[in-house]
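Rule-based calculations on the coordinates, nothing more; no lab input. Small disclaimer: the values here were computed from a predicted structure and weren't measured. Cβ: placed from backbone, ideal geometry, glycine included. Neighbour counts: every protein chain shown.
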Amino acid sequence: DGIIGEFARYISVLGQFVLSFSLASISNIFTVIIYSIVMLLLVFSLLKDKQIITTWAFKLLPAERRNLSKISHEIKEIITSYVGLRLLEMALVSVVCLITFSIMRLNFAVLLSVGVGLSVIIPYVGALLISIPLVIIAFLQWGFTAHFIYLLVVYSIFMLIDANILVPLLFSGNMRLHPIAIIVALLIFGYLWGFWGVFLAIPLLAIT
């Protein structure tokens, strides 16, 4: 009787919690549904009337658009260069990590190497996020041993070289930006806009 009574009380409390949570979430769910429908309609309208909207937008611009065309062309080149350099950085980091992890016989070396390569898209933050599964897998494989410490030291050195040497030198040489300017931009835009600020810091700095 005592067990059944406690179970009934637990079910009652759980039911009240679920009901209160669902009532509080109704407005948020409704908002998400509305915005999803509106965004789908907006995308459909933009694709359907692309030519009409483009013609209307060009009518608002001045007849002589040489400077505007030049600026837009430069912005396109900067963004293209940035994307290409990021892909090159991802490839270099992935290959180096794959070779290192394979030599150290780390489990899931290929998967972790790809994850480390993708993490460089977001400087500093990406390295911190990918380090969590890396540390967990290494600890489960070796425990708190010298091999585990060696891996952490090597990985930390790789991340420091990438963030403080490879990125500034790579982007400063191809996007005409000083390494100090890149580091300061990462700090400022990351502080202002968080995730997106860090992700867009270098192209925003290059455009300005």
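Label-to-label distance for Val95 and Ile79 is 2.9 nm, based on points extended 7 Å past Cα in the beta-carbon direction. The slack in the chain from Tyr10 to Asn28, taken as 0.36 nm per residue of separation less the alpha-carbon distance, amounts to 3.7 nm.
For the peptides 150-161, 107-118, the ranking by packing is 107-118, 150-161, with the highest mean count of neighbouring Cβ atoms within 10 Å listed first.
Each principal axis of the Cα cloud of region 49-145 was taken in turn, and the coordinate range along them, longest first, works out to 70, 24, 21 Å.
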